[in-house]
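The values are calculated or read from the model by the stated rules, or taken from the named source; none is laboratory data. Since the model is a prediction, treat every value here as computed from it, not as a measurement. Here the Cβ positions follow ideal geometry from the backbone for every residue, glycine too, while neighbour counts run over all protein chains shown.
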Amino acid sequence: MKKSLSVIMSTTMALTLFSSAALGAAAPKTSADFSDLNQLDSATKAKFDAMIAAGIFDGVSDGLFGLHDKMNRAQFAKVAALIFGLKVDSSLKVSSFSDVSSTDPANGYALPYIEALKAANLTDGFGPGTYNPAGEVTKEQLAAFLIRGLNKDAEAKGNAGVNDSTVSNWAKGYAALAIQLNLLGNLADGTFGGIAPATRDLLVTSSYAAKQQFVPGQHAEIHVDEMKAYTLPGGSQAQVKSMLQEKTTDGWKIGTVVKLTNSSSSTIRIPDYELRVKTADGTDYTLVPSASNAHSILPQSDVTLSYMADINVKSDVNLTDILWIDVNDKVYPKQETLLADSPVDSIVWRGKDAVIKDSALLGNWGATFALPGVTSSLKYSATSMSKQFTGQSPTYIVQVKVQNSGSYAETIPDFTLSGKSEGQSFIGKRIEESPISLNAGEQKYIHFAITTDTNTQLNAFYVLTPESFLKQGQTTPIQYYTGRIGFGLPANGGTDTSTVPAGGNYTFGTPMVFEQGNEFINPNLAVSLEELHVTNNEETGNKTGLAKFKLVNKSDKPIPVPAIAADLTGKDGYTYTGNRQTMGTSDIAPGTGVVVSYGYTIPSTDQSDQYKLNVQGVLSGAGQGQPTNGSSTYKSTIASYNVSSQTDNDHNNVSLYPFKLNIKSWTLSQLASPTLSYTYKLNLDMDITRDSEVIVDNNFSKLKFELVDGSGSSLGSSSFPFTGTNRLVSGNQSLSFNNLTQSQIQNNVSIKVYETVNTPNGEVDRFIAELK
């Protein structure tokens, strides 16, 4: 009887899971239709609504979603097939797995979906020849399903994997990559929980994240046909590289760049031919050569030549051909001979008004591309995107992976990205200004910053190549851009970066997982967050946040302190930029660690007890050891965690990592001098312990003692370091507040204790305790 009941319940769940899509419900359901989803926050509800509306998930019964129920492998097969758009043959009645049957009343419906998963290499079964359709989906199995669906199986297998006993050996790479891709996170205890069954809430949120990241054909390459080369008299081959047609006040600016190649064994002179552009109505316009054009071509080499003309035609002009003409003006009438005719109508770039209409030239996010017109073995693909603000204007930071598939070292040529919206183009700039070279087989990342107008909605990024033309008698060349290819935005619209790890709820003191392949954190550097305190600052009327990171060098050589930033985002969506402490240490010695602190100014209206922490690599405007806090600094997120602020310390347990203080007792006495000045003397009995692995210097936090009267007014303060002269030590010590006047002497005075950190933007004070 128990088995029969189980079959009935499983069948009911299978039907209700997908009832909206399969049966065509009269009114689309939302999270509001399920009583157990009412307590979810708005962001999570939106994810549930999207998956319910798509027919991927439904409730387990009328009015109940089954938030914490488990899902079996048959049910998830259908979910995965729908998420990744797999081809499903509903006519299949026989499975390649011995334990999957169309006659199974509980799981038979899933046979076509299970076979679709196998055909797409999303699963190889549970055991030899079996799938285990009724078995529960574990968290590590879920990770494997999703990673394979995103076509990242090879990347997972090449991943070192998590160092986590809760994850099976075969799944360690999948778990690590699932964390890095923001699909799944760690539990509150810092473990992944790989062998535990995955509940439906986790299945929904992780499936949603995978669906947002999934792009059909995302690894396809944008293919551009090379322009035909024409042999000219004199031994050179001519090829059109780019073609500009841009509207001006008086008409049109026409520009072209051609490449001439010398395949011979001797230097040849560039022939003095005319270059003309032909329009659809048969009109020819002569193009003027740039004053900076080369005059000869070395053996087995090539040069690029620039030409331009301004034509005063108000109506639209359609360019069709570039013509090479040999003009003999030594005879009368002069003789003109057509040497080559290159069609160019397919490559004309209309400047800021250009729109790529050929879908073959506008790839999906993540598509691989090469630079048109450039002979190179370098391949490029966009990997992540984030948005930050420069003043009131949003700036999109696009990370592009560069791979050298050739046999020789190459330097990345000059190009940029532009953001395209309806009727507007926003030309970006490459953040890395220095030349970047890649050895054969090497891979690196470059970044582009594209600043747009407020409320602009981008729909694509175009790949642009800079060109120039120098007029005769001028010293400053005319700069312009041309393009031929582009790619769309991420499937999630860029609201979440696709490769940034999201480790869920962070456990203090545990190593952070960073974006794989990032160039900011040395692989031998262990980074952990040791403290996050948010306290009220009565003097300024706001809150003060203080985060402390420990960086430990696990190698046998010094490692520079990385240029990283750390932002906090509260529950209301407001982001607070951390001001990094002034650093005196530029390198971390082998086997030792340092502490890097960040101070935050948070409005008193912020009631968050948990924040989203984004750790970011500083891309520009900063030195290696000390990032600036200016608006010109661009940042790329390399890790993201949910972090709870720690409770305030009392005087018996004060944490100023790597130090811990126990203020066991204190007395405050008053002394007078013959000159009618007064002194308060504070006698302290303290125990101080520290983490011996961490080295601190004179820039480390100080302990500030402030003498305040009954009304809260400050009567004086003194700060004491943990290193150097007058440092705080364990045992008894006396601190003095000198030169007070008689009007400042009161009976109900107290001592407020602060941790104070110096940053380039000023001092950050964290309130610790009040001694009365």
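Scan segment 353-361 and tell me whether some residue there is outside the structural domain of GLY419 (by TED's automatic domain parsing), surrounded by 14 or more Cβ atoms within 10 Å (Cβ to Cβ) and closer than 23 Å to THR231 by Cβ.
Checking segment 353-361: not a single residue is outside the structural domain of GLY419 (by TED's automatic domain parsing), surrounded by 14 or more Cβ atoms within 10 Å (Cβ to Cβ) and closer than 23 Å to THR231 by Cβ.
Specify the residue that is nearest to ASN662 (Cα to Cα); the eligible residues are those in segment 728-746 that are at pLDDT below 85 and either in a strand (DSSP E or B) or of a type in the set (D, E, K, R) (or both).
In this case the residue turns out to be GLN733.
Of the residues THR383, THR375, only one is in the same structural domain as THR451 (by TED's automatic domain parsing) and in a loop (DSSP other than H, G, I, E, B); which?
THR375
Can LEU489 be described as aliphatic (A, V, I, L, M), modelled with pLDDT of 80 or more and assigned to a loop (DSSP other than H, G, I, E, B)?
Yes: the conditions hold for LEU489.
Pick from THR337, THR320, THR304: which is more than 29 Å from SER265 (Cα to Cα), polar (S, T, N, Q) and part of a strand (DSSP E or B)?
Selected residue: THR320, the only one of THR337, THR320, THR304 that is more than 29 Å from SER265 (Cα to Cα), polar (S, T, N, Q) and part of a strand (DSSP E or B).
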